[in-house]
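See structure below.
The values are calculated or read from the model by the stated rules, or taken from the named source; none is laboratory data. Note that the coordinates shown come from a computational prediction; the quantities given were computed from them, not determined experimentally. Note: ideal-geometry Cβ built from the backbone for every residue, glycine included; neighbour counts use all protein chains shown. The area values use the complete protein model at the heavy-atom level, side chains included, leaving out ligands, DNA and RNA. Shrake-Rupley method; radii C 1.70, N 1.55, O 1.52, S 1.80 Å.
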Amino acid sequence: MTDPYEPAPGTFRYSAPGEQNFEQPRFQAQAQQPNAGFTTGSAYDGPPPGTDVGNDISKSFSWAWQAFTKNWVALVVPGIIWAVVYAGLLAIFFVGYFASIIALANGAKSGNNDGAEAVAVLVFVLIVFLVMFLIQLPLAAWISGAYRAAGLVARGEKPTIGSGLFHWKTFLTSILYGVISIFSIIIPFLGQLACLFFFSLAPYLSAGRDAGPITAFKEAANKALAKPAHVILAPLVSFAVMFVLAITGIGLILLPAALPFVALFYMSMLARIEGTRPAPVV
């Protein structure tokens, strides 16, 4: 039989000199746990974020899939729009390219070689390189929008098709990252690896933290030094996903869905690198 004067379970007794005993509730053990409030087996359980890279990768995949299935329209439609724009620009480029080739060939057959042909060829080559660079801008714009939409989801916000089309800070950061990647070829292999290690998180920081390009690159380098295993394994896992899609022959078809999914995965990894978790999916 329970003694009615014994304190109830979960409380402790405090007795001050000359005062009557009174009870105060104990802190519940669950409230002191790092995963309190999260459902077991969800994308939020397991070790504290940032302490176990394998668990962080697994939970990031789980969270990315939940986020993608609940927001797939806002994530995929902008990619389809940019794909149509890019295909149109690419078609215009190839029409102009082959028309120029034919014109140069006809000029060479006419026999009027006064040095103008060499200049024309040089100008043609320069124009081709310039146009090839310019038609990559829609891709950079799409990437900026996809990363931004993923960043909004990681912050607990609902993305829209408009927010997934373009984000200027991420756009500038992506362009700068591409330029740095090109110049890193000066140091074969090591230069590209160093660029990937130190700066691969920069576009995601711009999209998820509204950071400008310079701040994003600084923060990316700091996080790479703080969590090197996470920064090394995250792109390897992403490349593996894209490679599997490529060898199946449906990579281009699924690209409007694959890129946002990878962006969601990176946003979760970024949060875990910082010792937090992405917001619950809405």
Restricting to the range 189-220, and then to whatever is of a type in the set (S, T, N, Q) and open to solvent by less than 20 Å² (accessible area, probe 1.4 Å), can you tell me which residue is farthest from Gly178 (Cα to Cα)? Ser206
Between residues in the range 154-167 that are farther than 17 Å from Tyr266 by Cβ and residues that are open to solvent by less than 30 Å² (accessible area, probe 1.4 Å) and among the hydroxyl-bearing types (Ser, Thr, Tyr), which pairs lie under 6 Å by C-beta distance while being six or more apart or on different chains? Phe166/Ser144
Within the range 208-224, can you find the residues that are touching a residue at least 24 places away in the same chain (Cβ under 8 Å) and within 17 Å of Cys195 (Cβ to Cβ)? Pro213, Ala216, Phe217, Lys223, Ala224
Can you spot a residue in the range 142-152 that is among the polar types (S, T, N, Q) and touching a residue at least 12 places away in the same chain (Cβ under 8 Å)? yes
With Ala194, Ala246, Ala229 as the choices, which residue is over 23 Å from Arg148 (Cβ atoms), among the aliphatic types (A, V, I, L, M) and at pLDDT below 90? Ala246
Working carefully through the options Phe198, Phe171, Phe183, find the one that is within 26 Å of Val281 (Cα to Cα) and free of Cβ contacts under 8 Å to residues at least 60 places away in the same chain. Phe171
For the range 157-189 the number of residues that are assigned to a loop (DSSP other than H, G, I, E, B) and either under 24 Å from Ala258 (Cβ atoms) or among the charged types (D, E, K, R) (or both) is 11
Among the residues of the range 31-44, are any of a type outside the set (Ser, Thr, Tyr) and at pLDDT 85 or above? no
